[in-house]
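Here the structure is laid out as structure tokens; the discussion comes afterwards.
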Amino acid sequence: MLVIKNGQVVDPGNINGDFDIFIEEGKIIAVIPSGSSENSKGTPDTIPDTIIIDASGKLVFPGLIDMHVHLREPGHEYKETIATGCSAAVSGGFTSVCPMPNTNPVNDNQEITDYIIRKAREAGTARVYPVAAISKGLEGKALSEYGELKAAGAVAFSDDGNPVATAQLMRRAMEYAKGFGLPIISHCEEKSLTADGDMNEGAVATQMGLAGIPNASESVMVMRDIALCELTGAALHIAHVSTAQSVHAIQDAKKRGLTVTAETAPHYFTLTDEMVFPYNTLSKMNPPLRSSQDREAIRQGLSNGTIDVIATDHAPHSSLEKDVEFSKAANGIIGLETALPLSLKLVADKLMTMETLIEKMVKNPARILGLTTDLSEGNPADLTLVDPDYEYTIDAEKFKSKSRNTPFNGWKMKGKAVMTIVDGRIVYDAHQLVSE
Amino acid sequence: MEFQQKNILDMASLSADDIKLILDTAETMKEISERPIKKVPTLRGKTIVLFFYEPSTRTRLSFDIAAKRLSADGIALSASTSSMVKGETLIDTARNLVAMKPDLIVIRHSAAGAPHMLARMIDVPIINAGDGMHAHPSQALLDILSVRERKGSVKGLKVAIIGDISHSRVARSNIIGFTRMGARVTVCGPPTMIPKGIETLGTSVTYDMDTAIKNADVIMMLRIQKERQAAYLFPSEREYAAIYGLTKEKLTHARPDVLILHPGPLNRGVEISPDVADGPHSIILDQVTNGVSIRMALFYLLIGGARNVGD
């Protein structure tokens, strides 16, 4: 048996306060207020073969979920594997991750979904819930087989990275996915507006002589997909929102009661396009880092509930893709091992309560994907223990991820996941909290 | 005053004092090109690699001649004849170059920031001979020199830069350079060719050619590239020439002693009419002549040591 004692549990919609959590065979078997001397199982100290974790001074969260990652396997194992990606996930406090289908081969069929799930089981750390392709080969021409993909374990559909250009295909994808009760995750981008753009359109791009990507490149597609959401009544989740205009469009759609949800990534609420100067490929991603006004709109959108989810868009790349001319560099940064401290900063900045943060990092993604997270009797024992006062400097060399492409290296942070428990097993223990 | 820069990457990293020193040095270099024997031994034994990833005639030749006039060994390398075609990365190519101990590398590259990346990775002085749409510092320096030569000073002059500002590294470098030397710069073109936030470089913006030209002391016309039509930047050369082309008629709004510049190559009859290009206000060929002096000055200041130019 495993007992997490004296932690401050934050599980919005379920419990909040000091509780002891009893875990056996992967399940939570009891949750009792800390300090109660006895419960039906006896006091923890008297039960034989019990591992007791003293979580005094720690926060205990239901396991964090990152619904937008790239694990690169199969196909690009030199950047990341499912095993290294999952290891990075649990070191960052995530117990579940959703890998996007832009692998090689593309995850557009049952076999690849099976393969990903099998590899994840072998790795034995984080849970992996694959997102399968909207269209076969991510080509935007024909629908993937959603029924079979769902049966294999896919939890959503997305052509992430390759926006669905044809409105008609997007309409049918939404309708067809609705039949299986799964959401469509849309990478909203009008490629003809992105054109040869390398970073956010604006003064910084102009000063560096780089072609810009306008905000409208994202927001016109957000608006199109909202219209299709209205038409179909399907569940639409908008990935990596980066602009003020997108936030406003989503806010309006929600006011009208549409079934739209949205996510953003820590870099969009933390950084601006100034970070790209001078030609910093570690700040190159798609959508690009935007202006400070956009960053403010994203922060407000998180605060007022327009943006439901914080997801990392963890995108590992090696030096082959990043130590090159800026315009040749690949888009994307890794995020699994930096997301939690960057997100805790939102609470420190009083933009939201800890409960709201857990909604964004656990409860809302779980609701969108149909996963169970309540820390209550009978549920899977997925938990994240966080030391909110732990101060440290981010050192990318120590990352569990295979890649090092982060703009946050050397940042001083406060708050860190110190233990991650998946399925009742301790899969990450930063500070050797285990005492038998 | 001593020159403190290790590289010439862009105009933004040069102070007004740096620019003045480069121009003054270039003026002393000019005389060398007018001698019957156009060569001094100043950079004898120095190796200068001219690394051109993008096609260039004028700029490459100008750097090459500048190196030869100072007795440096200039070696030109183009992307099509280098290992780049075999898929070697820029950094690997550069590290291999460095292993052969050059004293200076001049690089032109289609990617903005490529010279900056090299400067971070290798220890050899670098001159940016044009990187994407970003910067072309030696061009701006020769433009400023050409104007200063005619006007005595650029301070207080009204400079109009007209054409495709978005895609122009010449425009960006000249906006910064002329502004730093005290001129007032206005850029002009159709809104499709004016990049967002260009004002932050210190220029004003107008879409109206007559407004741009009115009372201008200096007009710089930029080459219009036909392939930009495909990106919907303008409908036709015909319309472009009619609205944004510099003709004798439009020139009547400028000051009578206006100077006309063009970085070349010219599209005669499109952005500039032949009579203006060849007319009395044009200093287009001065620019070419001064280009050699500027590049000699840059070589001298970066790797010339304490040696006197004249000896």
Worksheet item: How many partner chain Cβ atoms sit within 10 Å of a residue's Cβ in peptide B:191-197, on average, as a whole number?
Response: 4
Fill in: Average projection area in nm² (convex hull over Cα atoms of chain B, one quarter of hull surface)
15.9 nm²
Item to complete: Over the whole of B:132-140, what's the average partner chain Cβ count within 10 Å per residue? Rounded to a whole number, please.
Response: 3
Worksheet item: So which residues of the stretch A:202-244 lose at least 40 Å² of accessible area, probe 1.4 Å, when you go from the chain by itself to every protein chain present?
Response: A:Thr206, A:Gln207, A:Gly209
Item to complete: Using a 1.4 angstrom probe, figure out how much accessible area the stretch B:137-287 has per residue, in square angstrom, rounded to the nearest whole.
Response: 40 Å²
Worksheet entry | Beta bridge orientation in chain A: antiparallel %, DSSP, nearest 5 | 55 percent
Worksheet item: Using helices alone, what [θ] at 222 nm do you get for the protein assembly as shown, with -39,500 (n - 2.57) per DSSP H run of 4 or more residues, divided over all residues and rounded to the nearest 500?
Response: -9000 deg cm²/dmol
Discussion item. Accessible area of the stretch B:1-128 with a 1.4 Å probe: how many percent of it is carbon plus sulfur?
Written reply: 52 percent
Fill in: Student exercise, the protein assembly as shown dipole from Lys, Arg, Asp, Glu Cβ charges, in Debye to nearest 20
2680 debye
Worksheet item: Please identify the trypsin sites (Lys or Arg not before Pro) of the stretch A:271-358 that satisfy two criteria: DSSP loop assignment and at most 10 other Cβ atoms within 10 Å. Which are they?
Response: A:Lys350
Response to the item:
Within the under-12-Å Cβ sphere about A:Leu231, not counting A:Leu231, Lys/Arg +1 and Asp/Glu -1 give a net charge of +1
Discussion item. Can you tally the net charge around B:Arg228? Count Lys and Arg as +1, Asp and Glu as -1, for every other residue whose Cβ sits under 14 Å from the Cβ of B:Arg228.
Written reply: -4
Practice prompt. Taking the Cα centre of chain A as origin, sum charge times position over the Cβ atoms of Lys and Arg (+1) and Asp and Glu (-1), and report the length of that vector in debye to the nearest 20.
Written response: 620 debye
Worksheet item: At what distance in angstrom do the alpha carbon centres of the stretch B:173-210 and the stretch B:212-265 lie from each other?
Response: 14 Å
Fill in: Accessible solvent surface per residue of the stretch A:88-242, calculated while the other protein chains remain in place, 1.4 angstrom probe, Å²
33 Å²
Worksheet, complete the sentence: Expressed in µm² per second, the diffusion coefficient of the stretch A:154-226 from the Stokes-Einstein equation, with Rh the Kirkwood radius over alpha carbon pairs, at 20 °C and 1.002 mPa s, is 159 µm²/s
Worksheet entry | Backbone N under 14 Å from the B:Lys20 label point (7 Å along Cα→Cβ), restricted to the stretch B:169-204 | B:180-183
Discussion item. Just to be sure I understand: if I project the alpha-carbon convex hull of the stretch B:137-287 onto a plane and average over all orientations, what area do I get in nm²?
Written reply: 7.7 nm²
Response to the item:
Restricting to Cα pairs under 8 Å and 6 or more apart, the percent relative contact order of chain B works out to 20 percent
Practice prompt. Take the stretch B:134-205, compute every pairwise Cα distance, and split them into 5 Å bins from 0; I just need the percent in each bin.
Written response: 4, 19, 30, 27, 15, 6, 1, 0
Worksheet, complete the sentence: Checked against the positive end of the charge dipole of the protein assembly as shown (+1 on Cβ of Lys and Arg, -1 on Cβ of Asp and Glu, about the Cα centre), the farthest of A:Ile394, B:Pro263, A:Ile134 is B:Pro263
Worksheet item: With charges set only on the Cβ (+1 for Lys and Arg, -1 for Asp and Glu), what does the dipole of the stretch A:36-144 come to about its Cα centre, in debye to the nearest 20?
Response: 280 debye
Item to complete: Would you mind giving the total buried accessible surface between chains B and A, with a 1.4 Å probe and ligands, DNA and RNA left out, rounded to the nearest 100 Å²?
Response: 1400 Å²
Practice prompt. Please name which of B:Ala114, A:Ala173, A:Ser291 has its Cα lying farthest along the dipole of the protein assembly as shown towards the positive end, using unit charges on Cβ (Lys, Arg +1; Asp, Glu -1) and the Cα centre as origin.
Written response: B:Ala114
Fill in: Fully extended contour minus Cα-Cα distance, from B:Lys101 to B:Ala230, at 0.36 nm per residue
42.1 nm
Response to the item:
Dividing the mean separation of Cα pairs under 8 Å (6+ apart) by the residue count of chain A yields a relative contact order in percent of 20 percent
Practice prompt. Just name one of A:Leu143, A:Thr261, B:Ala76: the one whose Cα is farthest towards the positive end of the charge dipole of the protein assembly as shown (beta-carbon charges, Lys/Arg +1, Asp/Glu -1).
Written response: B:Ala76
Fill in: Cβ-defined net charge surrounding A:Asp160, 11 Å radius [Lys, Arg +1; Asp, Glu -1]
-3
Worksheet item: By average Cβ neighbour count within 10 Å, what is the ranking of A:332-344, B:153-165, A:114-126 from highest down?
Response: A:332-344, B:153-165, A:114-126
Worksheet item: Hey, what did the stretch B:137-287 get for relative contact order, percent, Cα under 8 Å, at least 6 apart?
Response: 24 percent
Discussion item. Under the √(5λ) rule applied to the eigenvalues of the Cα gyration tensor, what semi-axes describe the equivalent ellipsoid of the protein assembly as shown? Give them in Å, descending.
Written reply: 58, 29, 22
Worksheet, complete the sentence: Scattering profile of the stretch A:1-112 from the Debye formula, Cα beads only, expressed as log10 I(q)/I(0) at q = 0.12, 0.15, 0.17 Å⁻¹, is -0.59, -0.75, -0.85
Discussion item. Report, in listed order, any pair from B:Lys6/B:Lys68; B:Lys30/B:Lys214; A:Lys27/A:Lys119; A:Lys27/A:Lys350; A:Lys178/A:Lys414 with a Cα-Cα distance greater than 30 Å.
Written reply: B:Lys30/B:Lys214; A:Lys27/A:Lys350; A:Lys178/A:Lys414
Worksheet, complete the sentence: Taking protein heavy atoms only, a 1.4 Å probe, and rounding to whole percent, the accessible area of the stretch B:137-287 owed to carbon and sulfur comes out at 52 percent
Discussion item. How much of the pair distance distribution for the stretch A:129-260 lies past 20 Å, counting alpha-carbon pairs only, in percent?
Written reply: 45 percent
Worksheet item: Among B:Ala230, B:Ala171, B:Ala140, whose mean-square fluctuation peaks in a Gaussian network model of chain B (Cα, cutoff 10 Å)?
Response: B:Ala230
Practice prompt. Per residue of A:273-283, count partner chain C-beta atoms within 10 Å of its C-beta, then hand back the mean as an integer.
Written response: 2
Worksheet entry | Evaluated over chain A, the Cα radius of gyration and Dmax, each in Å | 21.1, 69
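The values are calculated or read from the model by the stated rules, or taken from the named source; none is laboratory data. Keep in mind the model is a prediction, meaning the values are calculated, not measured. Note: ideal-geometry Cβ built from the backbone for every residue, glycine included; neighbour counts use all protein chains shown. What goes into the accessible areas is simple: the full protein's heavy atoms, side chains included, and nothing from ligands, DNA or RNA. Shrake-Rupley method; radii C 1.70, N 1.55, O 1.52, S 1.80 Å.
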